[in-house]
């Protein structure tokens, strides 16, 4: 009897242990998963169905979200006066009126870095912007410039989770005469970021640009990376955008990418600068190399970028070649400090030949910085075996 009782108690204890472990696993599994947020596309109908009513102060009027202020669920084809409202994806989206906001509670990993991707379209306001925040982190994204002819763009923003539970807030800070004027928001997604290891032979972090924000497979416009001066909290690990305008992260599903799955298209001329501080040894000689090319989006030539490495700067023009949509280029420099700034921007303000209102530019990818010896140096020209042969022939008088 005593043995049976002991066995029963052990079984009960084991059952309780399994139950507690399952609770822990359930709590860990409840952290937000990469991809669309709960009703991030706003296609889930409210309890009363979709309507044209303004949601106002009512909470939970949009499944998965809380709203505050003049918030509207808008539908594809809906008009405001003579203007047809643009829905970035699907058939429904949210419009934020004066000082209005939507928010969602997220369970995340404390201390981890996350990126938020969202699509936005302007409506009737002259100067539209969107404040994106996960307190205490906050940033205002300028929506004034529309980079594509679709009338909307997708953006990325990053934050570091200060707690295991955070609140994402998307707010229209504007105050217009028409209280319903404001940006249309759609397709809100999240991705947990991982800082890639720096290669032994490359001082550039994330030089291949593969680690970045969430990209929808059906997203054909790429993702804009707006101004971000915080190198610790960036949707493109290692890189910052230190200018007024954005640069565009593109993928190989919809664009021509020199290497891997992702690259950067410099779409804002001199106003779109992407940069990184790399570790160097003072007085040591280095080479900066990168791929330069076209995105395959009918961008008008000439295509050129300006490259900076410390106190050195050089412009590079992409030379059209039907055999290859990109070329390698390089720049030599001598480090002056333990950290050296490398940076890139487009020399020209380019637009697409088939859509003059769509901004585009040269593609940047596969960025590398490595130490070189003092006796062998590569000038600021495109790399290639044929070029090396010509140089050797000229120097040593070898006949070709």
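The values are calculated or read from the model by the stated rules, or taken from the named source; none is laboratory data. Just so we're clear, the structure is a prediction, and the values are computed from it rather than from any experiment. Don't worry about glycine lacking a Cβ; one is built from the backbone with ideal geometry, like all the others, and counts go over all protein chains shown.
Quick notes on this structure:
Per-residue answers, yes or no, for (1) in contact with a strand residue (DSSP E or B) (Cβ under 7 Å, 6 or more places away or on another chain); (2) crowded, with 19+ Cβ neighbours inside 10 Å; (3) at pLDDT 95 or above; (4) assigned to a loop (DSSP other than H, G, I, E, B):
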| site | (1), (2), (3), (4) |
| --- | --- |
| 43 | yes, no, yes, yes |
| 46 | no, no, no, yes |
| 49 | no, no, no, yes |
| 110 | no, no, yes, yes |
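- Test: residue 356 is closer than 28 Å to residue 145 by Cα and at pLDDT 95 or above: no
- Residue among 149, 178, 186, 201 that is assigned to a loop (DSSP other than H, G, I, E, B), touching a residue at least 40 places away in the same chain (Cβ under 8 Å) and over 30 Å from residue 290 (Cβ atoms): 178
- Restricting region 88-104 to residues that are at negative phi and under 22 Å from the mean Cα position of the chain (by Cα), the residue that is surrounded by the most Cβ atoms within 10 Å (Cβ to Cβ): 93
- Test: residue in region 330-341 that is more than 13 Å from residue 365 (Cα to Cα) and within 23 Å of the chain's Cα centre (by Cα): yes
- Filtering 345, 318 for residues that are within 19 Å of residue 366 (Cα to Cα) and either over 22 Å from the mean Cα position of the chain (by Cα) or surrounded by fewer than 19 Cβ atoms within 10 Å (Cβ to Cβ) (or both) leaves a single hit, 318.
- Scope region 52-66; condition modelled with pLDDT under 95 and surrounded by 14 or more Cβ atoms within 10 Å (Cβ to Cβ); matching residues: 54, 55, 56, 58, 61, 62
- Whether a residue is outside any helix (DSSP H, G or I), over 17 Å from residue 257 (Cα atoms) and in contact (Cβ under 8 Å) with a residue 40 or more places away in the chain was assessed, and residue 342 passes this test.
- Matching residues in region 303-316 - criterion: being within 21 Å of residue 229 (Cα to Cα) and either part of a loop (DSSP other than H, G, I, E, B) or modelled with pLDDT under 95 (or both): 310, 311
- Selection within region 155-175: residues that are within 17 Å of residue 105 (Cβ to Cβ) and assigned to a strand (DSSP E or B). The member of this set that is farthest from the chain's Cα centre (by Cα) is 165.
- Sole exception among (1) more than 30 Å from residue 279 (Cβ to Cβ); (2) in contact with a strand residue (DSSP E or B) (Cβ under 6 Å, 6 or more places away or on another chain); (3) surrounded by 15 or more Cβ atoms within 10 Å (Cβ to Cβ) for residue 176, by number: (2)
- Scanning region 222-270 for residues that are surrounded by 17 or more Cβ atoms within 10 Å (Cβ to Cβ) and either in contact with a helix residue (DSSP H, G or I) (Cβ under 8 Å, 6 or more places away or on another chain) or assigned by TED's automatic domain parsing to the domain that holds residue 116 (or both) yields a count of 2.
- Any hit, region 287-302, residues being over 22 Å from the mean Cα position of the chain (by Cα), more than 18 Å from residue 239 (Cβ to Cβ) and part of a strand (DSSP E or B): yes
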